[in-house]
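Notes follow once the structure below has been shown.
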């Protein structure tokens with residue numbers, strides 16, 4: 001079995017071979033194929049620019065792997081500003097000894113995810129570090145996208161009266177990853193919800209360009225993202241427990257592990273804060289998209305108690321939903 | 001039957017709440033012994049739904065919270081011994097001892113690993129034959145049998161580098177101590193569900209017989225707790241005191257005999273130190289002489305300075321049900337889940353953490 005050696009990151013012959021055979025071939029596009037040190041392209045309009053690093057362990061998990069995650073995560077971060085994601089950079093930090101076949105599997109899923117997301121990988125880098133200096137494989141991606149005319153989505157824009165929408169079940173990613181952990185693996189058919197949401201957001205913006213805020217609730221879960229939005233916009237957010245969908249498998253795993261699904265990570269979810277008059281139309285658009293079939297209006301924005309998130313429980317009482325404190329699960333993304 | 005969503009039904013919940021409101025005439029204070037129940041009560045806002053006649057107070061049923069600083073210090077000291085890997089349930093990491101925490105010791109280079117069961121710790125021992133793996137045996141009757149089983153497995157498989165620091169505690173003796181102190185007057189006890197799954201319902205009978213306090217063993221879903229409260233209200237209104245099981249899908253009157261036998265084979269009752277309550281006779285479990293070679297106490301020279309309590313922290317009184325988190329000057333100010341002063345703020349089952357996270361007494 002071929003393994004990644006330190007020399008694969010040295011810039012020499014082996015490195016060239018790796019880039020040409022394993023990366024360029026799979027990810028081919030006119031900008032990348034030039035092999036210049038930077039990608040050069042024309043772009044017009046307001047740009048969104050973001051970066052994220054991916055260190056998930058294990059690197060392969062049900063429903064995805066670190067490659068798919070690295071594309072979807074960055075695409076979704078662009079989508080939260082309403083942008084249409086266009087170009088991504090892709091940097092690998094590889095621990096020596098990683099199987100070449102595993103790396104190629106990751107690159108293949110980068111390619112597939114990029115295709116689904118409608119983005120191109122236009123520049124990249126590879127470093128190999130000594131055994132123990134990294135955990136198998138880390139990926140960094142950065143991305144740029146263009147924001148359509150008239151769209152202004154920001155976490156600071158939530159207004160009292162706005163509706164809070166969510167595109168589906170929560171906690172799938174966090175539980176799918178933890179189900180594979182060494183010493184913790186339990187049988188579940190659950191898959192990560194990892195998905196690129198650029199199209200979903202485009203559909204939502206077509207229904208209403210007035211969407212006030214978008215946020216993808218990843219680490220820290222739905223609860224943490226709602227708290228961030230409430231704080232940024234200085235409003236309160238009231239949600240209804242009965243409107244938030246959680247799969248039985250996630251519920252069961254959460255009971256076993258002592259987690260609250262509200263704090264478990266997602267990688268294919270989008271929260272939208274929408275003016276009340278547009279909420280139904282945006283909801284209908286979400287439900288038509290393959291990543292929004294289970295979308296719901298889960299709550300609304302209020303003026304009292306700025307910064308607070310309050311949930312009406314299934315029993316009809318209400319309670320505060322705070323931010324996640326500390327680390328629920330190490331390295332889920 | 002999937003055993004989760006059915007027990008969170010809003011319709012059935014409303015029915016139970018209206019039954020409780022209808023029946024409850026006499027003023028009654030119920031203690032939920034178990035931290036797991038405290039969490040359910042706060043997570044589902046159950047206190048708000050109960051009539052004014054009923055007061056719920058939280059008890060000492062959080063194994064991490066009741067661990068005395070002196071014992072936390074010993075666990076931390078163990079982690080600093082070269083060649084020792086401390087394996088522990090994740091909740092223990094952040095709990096502050098007199099001077100440090102396992103999390104801080106870990107950041108300074110101690111080998112501390114989080115596990116979900118004693119069996120995982122045993123696997124670590126197998127994989128690291130040159131190290132000594134010490135599992136922190138924290139918990140009530142619920143976890144003690146699994147830890148006993150891990151010691152028996154280590155013996156069977158000849159794993160010589162596996163040790164347990166037994167800080168186990170037993171529930172019935174501490175309730176007796178609490179009731180004898182006369183500090184808190186109770187008209188009902190929500191008995192712990194998972195402890196009872198092991199010990200059964202008989203060990204609680206002295207509470208009904210000797211102290212005249214109704215007892216109902218409850219599960220951990222919101223409907224379980226509401227049903228338990230309804231059963232307690234019925235006893236109170238009829239002037240009766242008995243032990244009933246509301247958590248029938250988990251608990252049998254005779255308990256789990258296999259688990260009890262495992263526990264008895266490896267452990268024997270011993271005095272134990274409880275935070276806020278001092279030493280209580282017969283309330284702990286120590287490893288029997290026969291299994292001494294797995295006892296961390298007997299095999300390591302654990303050196304600690306005298307334990308110090310944190311100034312102003314009233315975790316002890318909160319655990320006795322005498323005070324509520326909001327009575328603490330540090331609560332939500334100097335003591336938060338990010339920077340906990342006392343263990344009740346850091347443990348997932350701690351009262352302060354439940355009050356803080358679910359907004360019981362804030363703002």
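A short reminder: the numbers here are calculations on the coordinates, not readings from a lab. Worth saying up front: this structure is predicted, and the values here are computed from it rather than measured. No Cβ is skipped: glycine too gets one built from the backbone with ideal geometry, and neighbour counts run over all protein chains shown.
Here the label points at residue A:115 and residue B:268, each 7 Å from Cα along the C-beta direction, are separated by 7.0 nm in the simple model. Entry for the protein assembly as shown at q = 0.07 Å⁻¹: log10 I(q)/I(0) = -0.54, Debye formula applied to identical alpha-carbon scatterers, no solvent contribution.
Spin-label model, residue B:258/residue A:277: points 7 Å from Cα along the beta carbon direction are separated by 6.6 nm.
Between helix A:100-117 and chain A there is an angle of about 50 degrees, using the helix long axis and the longest principal axis of the Cα atoms.
May I ask you to sort A:238, B:293 by Cβ crowding, counting other Cβ atoms within 10 Å and putting the fewest first?
Details: A:238 21, B:293 14.
Lowest to highest Cβ neighbour count: B:293, A:238.
For chain B, take the longest principal axis of its alpha carbons; what is the angle in degrees between that and the long axis of helix B:257-266, to the nearest 10 within 0 to 90? Roughly 40 degrees, rounded to the nearest 10.
Got a sec? Which residues in the range B:188-208 would a label at residue B:180 touch, if it sits 7 Å along Cα→Cβ and we count backbone N under 19 Å? Label zone hits: B:203-208. Separation of the range B:6-69 and the range B:112-128, taken as the distance between their Cα centroids, equals 35 angstrom. Angle of helix A:279-288 to the longest C-alpha principal axis of chain A, folded into 0 to 90 degrees and rounded to 10: 40°.
If I stretch the segment between residue B:108 and residue B:288 completely, what's the gain in nm (0.36 nm per residue apart, minus their alpha carbon distance), one decimal?
Residue separation times 0.36 nm, minus the Cα-Cα distance, leaves 61.4 nm.
Relative to one another, the C-alpha centroids of the range A:231-306 and the range A:188-224 are positioned 10 Å apart.
Per residue of A:257-265, what is the mean number of Cβ atoms on other protein chains within 10 angstrom of that residue's Cβ?
Numbers: counts 2, 8, 1, 5, 0, 1, 1, 0, 0.
Other-chain Cβ atoms within 10 Å of each residue's Cβ, averaged: 2.
Normalised by 2.2 N^0.38 Å, where N is the number of residues, the alpha-carbon radius of gyration of the range B:106-163 equals 1.13.
The range A:72-93 and the range A:1-61 have Cα centres spaced 15 Å apart.
Show me the ranking of peptides B:218-226, B:280-288 by mean Cβ neighbours inside 10 Å, starting with the highest.
Values: B:218-226: 24.9, B:280-288: 19.3.
The densest-packed peptide leads the list: B:218-226, B:280-288.
Ordering of B:93-99, B:183-189 by packing is B:93-99, B:183-189, highest average first (other Cβ atoms within 10 Å, averaged per residue). Report the calculated FRET efficiency for residue B:10 and residue B:48 (r = Cβ-Cβ distance, R0 = 22 Å), to the nearest 0.05. Step by step, r from the Cβ atoms, then E = 0.90.
Note on the range B:315-358: Kirkwood hydrodynamic radius from all Cα pairs is 9.9 Å, rounded to one decimal. With a Förster radius of 22 Å applied to the beta-carbon distance between residue A:255 and residue B:153, the computed FRET efficiency rounds to 0.25.
Ignore the peptide's own chain and count Cβ atoms of other chains within 10 Å of each Cβ in B:43-50; give me the average, rounded. All intermediate terms of the calculation are to be shown ahead of the outcome.
On the way: counts 8, 7, 10, 4, 2, 6, 4, 1.
What the average comes to for B:43-50 is 5.
Return the inverse of the average 1/r over all pairs of distinct C-alpha atoms in chain A, which is the Kirkwood hydrodynamic radius, in Å to one decimal. Before the final figure, lay out the partial values.
Working: mean 1/r = 0.0486 Å⁻¹.
Computed over chain A, the radius equals 20.6 Å.
The per residue volume of the convex hull around the alpha-carbon atoms of the range A:6-147 is 100 Å³. Percent of C-alpha pairs per 10 Å bin in the range A:146-234, short distances first: 14, 38, 30, 13, 5, 0. Between the beta carbons of residue B:248 and residue B:130, assuming R0 = 51 Å, the FRET efficiency works out to 0.55 to the nearest 0.05.
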